[in-house]
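Heads up: the structure comes next, in structure tokens.
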Amino acid sequence: MMAVHLPYEHKYLRHKKKFPHVWCPGCGIGILMGSIIRAIIDLDWKKDDVVVSSGIGCTSRMPVYLDFNTLHTTHGRALAFSTGVKLANPTLKVITVMGDGDALAIGGNHIIHTARRNMDMTAIVVNNNNYGMTGGQFSPTTPEGARTSTTPYGMMEPNFDVCDLMSGAGATFVARGTVYHVMELDRIFKRAMEKKGFSVVEVLSPCPTSFGRANNQADPVDMMESLRDDTVTVKQATKMKQQDLEGKILRGIFRDVDVPEYLDRYEELCQRARERLEMNQ
Amino acid sequence: MAEKAEAGTKPGKAPEEGAEKPLIRIYPEWCKGCGICVAFCPKQVLEMGEDQKAHVAHPERCIRCFLCARRCPDFAIALTDEEGRAVKKEGDDQ
């Protein structure tokens with residue numbers, strides 16, 4: 001009998017204590033957790049240099065399983081805690097994982113101002129179109145017309161486009177991936193983590209238990225197939241006709257700009273203040 | 001852990017005939033039976049068992065694309081050598 005080889009991702013998991021994890025069968029959060037680990041392995045970051053923080057929700061269970069410096073904080077305020085961590089020790093690599101409700105509803109104020117401030121961090125917004133943990137209520141990203149437990153006749157409000165919102169708020173790197181396109185997701189995460197500045201990655205992830213069951217997609221495979229069929233890359237979209245693009249979700253990198261980073265500007269400000277002080281003495 | 005790559009285990013290539021090795025391993029305790037690996041394996045290597053867990057039915061067809069391991073939400077699939085995945089770095093074992 002051959003020795004059992006654990007997947008190499010297991011070195012970055014608290015696999016002896018906390019597994020199997022709590023996520024439902026077919027939930028995409030596990031897939032993107034693997035993707036985050038592979039991006040970190042690829043970047044050759046040490047475990048002790050990485051901080052993963054999260055708020056409350058399904059996605060926010062992730063720091064429980066990851067063997068980095070982890071922080072499980074209050075609902076919606078994960079980015080505020082991350083900002084504090086980064087300011088206290090700028091050498092740490094800070095990654096914040098949030099669900100869609102956590103990031104955009106409860107923490108909506110925090111995410112736009114963190115984007116505006118442009119601190120060198122990575123925010124990962126896992127979009128499963130509803131509040132999965134509390135029973136599948138609608139969230140700011142529930143698509144119009146979709147049924148959830150609180151919108152039995154279909155969602156009547158329009159939804160947020162996370163990438164547009166974040167580009168408008170000033171994030172320097174904005175991208176969208178899906179858990180079906182997992183190789184692409186690995187690359188996007190790597191680019192986002194490398195980027196000096198605030199980077200946001202929206203990840204479309206299936207929630208078969210809550211959202212899927214309410215929308216005739218209780219099978220995780222169906223949800224993964226719709227991620228495959230309903231999304232096109234930015235590059236493909238440029239070659240497609242307008243009517244073919246209807247109902248499709250774009251994925252890929254939408255924005256990648258270089259803007260002075262907060263901590264650099266802060267250092268510059270400290271320098272100026274010191275000079276002024278010396279002049280006055 | 002670091003083993004030498006055996007013949008016919010390069011990614012994207014089918015293993016040579018007679019090469020006896022279980023390429024894929026599934027941990028039944030971690031598998032939740034979502035069926036994603038079974039549905040999206042390009043070579044239909046995996047099958048759903050009666051116990052609602054994935055089983056390796058046709059290991060000889062595996063082309064080592066690692067998509068099953070990457071798409072497994074439960075980290076329940078392992079391929080038995082490190083080739084084709086992120087390079088294993090020295091001093092990384094803990």
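So, A:Asp100, is that one in contact (Cβ under 8 Å) with a residue 12 or more places away in the chain and buried (at least 24 other Cβ atoms within 10 Å of the Cβ) or not?
Working: in contact (Cβ under 8 Å) with a residue 12 or more places away in the chain: yes; buried (at least 24 other Cβ atoms within 10 Å of the Cβ): yes.
Judged against the criteria, A:Asp100 is a match.
A Cβ distance below 6 Å, combined with a sequence gap of six or more or placement on separate chains, defines the contacts here; from segment A:150-179, residues that are in contact (Cβ under 8 Å) with a residue 60 or more places away in the chain reach residues that are assigned to a loop (DSSP other than H, G, I, E, B) and among the aliphatic types (A, V, I, L, M) in the pairs A:Thr172/A:Val257; A:Thr172/A:Val259. Scanning segment A:91-135 for residues that are under 14 Å from A:Ala80 (Cβ atoms) and part of a strand (DSSP E or B) returns A:Val94, A:Thr96, A:Met98, A:Ala123. Only one of the numbered conditions (1) under 22 Å from A:Ser210 (Cα atoms); (2) within 14 Å of chain B (Cβ to nearest Cβ) is not met by A:Ala105, and that is (2).
Can we say A:Val64 is over 21 Å from A:Pro220 (Cα atoms) and touching a Ser or Thr at 6+ places or on another chain (Cβ under 6 Å)? I'd like the intermediate steps shown before the answer.
Numbers: over 21 Å from A:Pro220 (Cα atoms): yes; touching a Ser or Thr at 6+ places or on another chain (Cβ under 6 Å): no.
Criteria not met by A:Val64.
When you scan segment A:12-25, do you find a residue that is more than 17 Å from the chain's Cα centre (by Cα), closer than 20 Å to A:Arg191 by Cβ, within 14 Å of chain B (Cβ to nearest Cβ) and among the hydroxyl-bearing types (Ser, Thr, Tyr), even just one? Give the steps one after another, and end with the answer.
So in segment A:12-25, the residues more than 17 Å from the chain's Cα centre (by Cα) come out as A:12-22, A:24-25.
Then drop every residue that is not closer than 20 Å to A:Arg191 by Cβ, which leaves A:12.
Going one step further and asking which of them are within 14 Å of chain B (Cβ to nearest Cβ), we end up with A:12.
Next, only the ones that are among the hydroxyl-bearing types (Ser, Thr, Tyr) stay: A:12.
Yes, there is a match, as at least one residue in segment A:12-25 is more than 17 Å from the chain's Cα centre (by Cα), closer than 20 Å to A:Arg191 by Cβ, within 14 Å of chain B (Cβ to nearest Cβ) and among the hydroxyl-bearing types (Ser, Thr, Tyr).
Condition check: part of a helix (DSSP H, G or I) and under 15 Å from B:Cys72 (Cβ atoms). Does A:Arg61 satisfy that? It would help to see each step written out before you state the result.
Working: part of a helix (DSSP H, G or I): yes; under 15 Å from B:Cys72 (Cβ atoms): no.
When the stated conditions are applied, A:Arg61 does not pass them.
Set side by side, the residues B:Lys43, B:Lys21, B:Lys32 differ, and just one is at the interface with another protein chain (Cβ under 10 Å from one of its Cβ atoms), modelled with pLDDT of 85 or more and part of a loop (DSSP other than H, G, I, E, B), which is B:Lys32. Among residues of segment A:256-281 that are closer than 15 Å to A:Met121 by Cα, those with a beta-carbon under 9 Å from a residue that is acidic (Asp, Glu) at least six positions away or on a different chain give the pairs A:Pro260/A:Glu268; A:Glu261/A:Asp120; A:Tyr262/A:Asp120; A:Leu263/A:Asp120; A:Asp264/A:Asp120.
The residue that is farthest from the other protein chains (Cβ to nearest Cβ), counting only those in segment A:168-187 that are surrounded by fewer than 24 Cβ atoms within 10 Å (Cβ to Cβ) and under 18 Å from A:Asn128 (Cα atoms), is A:His181. Only residues in segment B:53-78 that are farther than 15 Å from B:Pro42 by Cα and at the interface with another protein chain (Cβ under 9 Å from one of its Cβ atoms) count as the first member; pair them with residues that are part of a loop (DSSP other than H, G, I, E, B) and small (Gly, Ala, Ser), Cβ under 7 angstrom, at least 6 apart or cross-chain, and list the lot. Correct list of pairs: B:Pro73/A:Gly26; B:Pro73/A:Gly28.
From the list A:Thr141, A:Thr91, the lone residue that is in contact (Cβ under 8 Å) with a residue 24 or more places away in the chain, in contact with a strand residue (DSSP E or B) (Cβ under 8 Å, 6 or more places away or on another chain) and under 25 Å from A:Arg191 (Cα atoms) is A:Thr141. Within the set B:Lys13, B:Lys88, the sole residue that is in a loop (DSSP other than H, G, I, E, B), at pLDDT below 85 and more than 7 Å from chain A (Cβ to nearest Cβ) turns out to be B:Lys13. Scanning segment A:205-236 for residues that are more than 14 Å from chain B (Cβ to nearest Cβ), in contact with a Ser or Thr (Cβ under 7 Å, 6 or more places away or on another chain) and of a type outside the set (Val, Ile, Thr) yields A:Phe211, A:Ala214. The single condition among (1) within 26 Å of A:Leu13 (Cα to Cα); (2) polar (S, T, N, Q); (3) touching a helix residue (DSSP H, G or I) at 6+ places or on another chain (Cβ under 8 Å); (4) at pLDDT 85 or above that B:Gln94 does not meet is (4).
Taken together, A:His75, A:His110 contain a single residue that is more than 14 Å from chain B (Cβ to nearest Cβ), touching a Lys or Arg at 6+ places or on another chain (Cβ under 7 Å) and not small (Gly, Ala, Ser), which is A:His110.
The values are calculated or read from the model by the stated rules, or taken from the named source; none is laboratory data. Everything quoted here is computed from the prediction, not taken from an experiment. Every residue, glycine as well, gets a Cβ built from its backbone with ideal geometry; the counts of neighbours run over all protein chains shown.
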